[in-house]
Amino acid sequence: MASKQQKKELSGNKGEWSEIYVFLRLLDTGMLNVADDELNAIPNEFYRILEIIRKETLTSNNYIRENNSISIYIRNDETGEEESFTYPINVFAEKAEHLLQLIRQTKGRSFQLPPIASFLKELRVSSIKDVGHNRDITIKIEDFHTGMPQTLGFSIKSFLGSDSTLFNAGPGTNFIYEAVLPEGATINCEEFNKRTYPISGRLAARLKSLVEDYNATIKFRGVQSMCFAQNLEAIDGHMPYLLAQLLLISATYGKTSLKKCTELLTKTNPLEFNTLTHGNIYEYKVKRFLQDCAQGMTPETPWLGIYDATGGQIIVKEDGDIVCYHIYELNRFRDFLFNSTKFERASTSEDGNNPGHPRPDASKNFNYGWLYEEDGRFFIKINLQVRSK
């Protein structure tokens with residue numbers, strides 16, 4: 001089994017290969033810089049790298065950083081057999097730089113990098129992802145606050161290549177709204193969707209037409225996925241409604257920045273908070289949502305706020321520099337997320353010959369963005385996806 005895994009060529013996207021880049025670069029530099037809320041490294045604030053720990057399919061691997069070399073200890077979890085060897089640190093510097101250039105230059109959603117894969121094989125790395133964890137990397141650091149060693153898990157986000165997705169879209173991330181019409185009024189959905197289909201920004205155009213042409217009131221009715229809805233409620237009881245209002249603001253006003261949408265939400269104050277005493281309460285709640293997204297919350301897995309990435313977040317910047325937000329820097333991390341994220345919507349995947357219906361060949365069919373009728377009531381869905389700017 002082990003030989004077959006070693007023969008299988010490693011393949012991954014830019015984000016996944018970035019995790020290997022972090023692994024190699026941190027062993028090279030021996031330090032993890034702390035970032036401010038604008039992703040700049042703070043002078044003289046860094047964690048010293050003592051060791052990186054990886055769980056492979058069949059082995060537990062320890063990479064210990066010493067003065068001029070990396071000592072590597074491999075233990076077979078099935079047989080208990082052990083082996084150890086060393087590499088000069090400058091080899092990791094060379095390989096990390098080579099991988100950085102390959103990630104920048106290579107195109108495609110998923111790709112192989114044989115020059116790096118052969119080196120990883122020597123290091124007994126059999127998979128790009130750390131096996132068995134939601135965290136992306138496990139590091140033993142020296143805490144500059146206390147001087148004590150700590151073994152912590154970090155998640156990794158990369159800005160190499162395209163912008164990083166913080167929260168992925170899916171059919172379950174649709175927010176459902178009812179277009180409540182005046183008593184006795186009705187709409188022919190087929191004609192409505194056909195008339196509004198050619199308009200640029202058709203989701204916004206449809207919402208506008210419902211309000212202005214049909215005197216409809218747009219009311220949030222629920223989240224399509226029950227699991228996702230409960231995950232949001234676990235973060236904050238107001239969260240489903242709050243995100244629904246933010247999505248409506250984004251679609252209606254054409255704004256994508258979560259910060260700008262939250263500013264508008266604070267002004268309208270639909271939950272009627274006392275903003276004289278708690279002026280940033282909407283901002284606080286949005287930051288909580290973003291933090292949980294960054295640290296592992298997904299729509300279809302029950303979420304109770306248990307972070308596998310107990311250390312925080314590592315960011316790979318566009319220039320290849322690596323910075324982190326330790327759990328100590330939680331407020332900085334939340335500020336960074338709040339200032340650097342935007343709503344993004346996938347294609348409605350409608351068929352131009354039959355608007356209001358997904359194309360038969362649509363690769364991602366989220367079934368949202370058009371008007372539909374159920375039991376004499378009219379509904380429209382807005383899909384949620386959050387990406388870094």
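The values are calculated or read from the model by the stated rules, or taken from the named source; none is laboratory data. Everything numeric here is computed off the predicted structure, so don't read it as measured data. Please note: Cβ atoms are built from the backbone with ideal geometry, for glycine as well, and neighbour counts cover all protein chains shown. Remember, those area values only see protein heavy atoms, side chains included, never the ligands or the DNA or RNA. Shrake-Rupley method; radii C 1.70, N 1.55, O 1.52, S 1.80 Å.
Any idea what the dipole of region 1-121 comes to, in debye rounded to 20, about its Cα centre with Lys/Arg Cβ at +1 and Asp/Glu Cβ at -1? Show your work: numbers first, answer last.
On the way: 15 positive and 18 negative charges, 127 e Å.
Roughly 620 debye for region 1-121.
So how far apart, in nm, are the two label points at N168 and K208 if each is 7 Å from Cα heading toward Cβ?
It works out to 3.4 nm between the two label points.
For a label point 7 angstrom out from the Cα of N40 toward its Cβ, which stretches of region 331-355 have the backbone nitrogen within less than 17 Å?
Under 17 Å, as judged by backbone N against the label point of N40, lie 332-333, 335-337, 339-340 of region 331-355.
Please work out the FRET efficiency for the pair Q150 and F111, using the Cβ-Cβ distance as r and a Förster radius of 35 Å; give the result to the nearest 0.05. Before the final figure, lay out the partial values.
Working: r = 35 Å, r/R0 = 0.99.
Here the calculated transfer efficiency is 0.50.
If we count every other residue with Cβ under 14 angstrom of R109's Cβ, Lys/Arg +1 and Asp/Glu -1, where does the sum land?
Details: positive: K14, K107, K364; negative: E16.
Surrounding charge for R109 is +2.
Taking only protein heavy atoms into account and a 1.4 Å probe, give the accessible area per residue of region 134-279 in Å². Show your work: numbers first, answer last.
Values: 7180 Å² over 146 residues.
Ligands and nucleic acids excluded, the result is 49 Å² per residue.
Once you put a point 7 Å from the Cα of D361 and another 7 Å from the Cα of L276, both along the Cβ direction, what distance in nm separates them?
6.2
List, in the order given, every pair from K14/K364; K55/K285; K107/K194; K121/K287; K95/K259; K129/K317 whose Cα-Cα distance in the structure shown is over 31 Å. Could you put the intermediate results ahead of the total?
Values: K14/K364 21 Å; K55/K285 35 Å; K107/K194 37 Å; K121/K287 40 Å; K95/K259 39 Å; K129/K317 20 Å.
Checking Cα-Cα distances, K55/K285; K107/K194; K121/K287; K95/K259 exceed 31 Å.
So, counting K/R as plus one and D/E as minus one, what does the shell of residues with Cβ under 13 Å around T59 add up to? Spell out each step's value before the answer.
Working: positive: R54, K55, R75, K121, R124; negative: E56, D77, E78, E81, E82, E83, D130.
Taking every other residue near T59 into account, the sum is -2.
Can you give the extra length, in nm with one decimal, that the chain gains between I176 and M226 once fully stretched, where that is 0.36 nm per residue apart less the Cα-Cα distance? Please list the in-between numbers first.
Details: separation 50, 0.36 × 50 = 18.00 nm, distance 1.22 nm.
Extra length from I176 to M226 when fully extended: 16.8 nm.
Tell me whether region 73-129 comes out rounded, prolate or oblate; compute the Cα gyration tensor, take square roots of the eigenvalues as a ≥ b ≥ c, and use a/c under 1.5 as the rounded threshold. Don't skip to the end; give the middle numbers.
Numbers: a/c = 3.96, a/b = 1.64, b/c = 2.41.
Oblate, because a/c is 1.5 or more while a/b does not exceed b/c.
If you find the alpha carbon centre of region 216-232 and of region 109-185, how far apart are they in angstrom?
If we compute the Cα centre of each part, the gap is 26 Å.
Is there a quick way to get the dipole size of region 46-103? I mean about its Cα centre, with the Cβ of Lys and Arg at +1 and of Asp and Glu at -1; what is the value in debye to the nearest 20?
300
Sticking to Cα atoms, compute the Rg of the chain to one decimal and its Dmax as the biggest Cα-Cα distance, whole number, in Å.
Final numbers for Rg and Dmax: 24.2, 80 Å.
May I ask you to derive the FRET efficiency for S200 and D351 from their Cβ-Cβ distance with R0 = 22 Å, giving the value to the nearest 0.05? Numbers along the way, then the final one.
On the way: r = 18 Å, r/R0 = 0.82.
Calculated value: 0.75.
Between Y284 and E66, 0.36 nm times their residue separation minus their Cα-Cα distance comes to what?
Values: separation 218, 0.36 × 218 = 78.48 nm, distance 4.22 nm.
Gain on stretching Y284 to E66: 74.3 nm.
Which value in nm describes the separation of the simple spin-label points at N188 and V91, placed 7 Å from the Cα toward the beta carbon?
7.4
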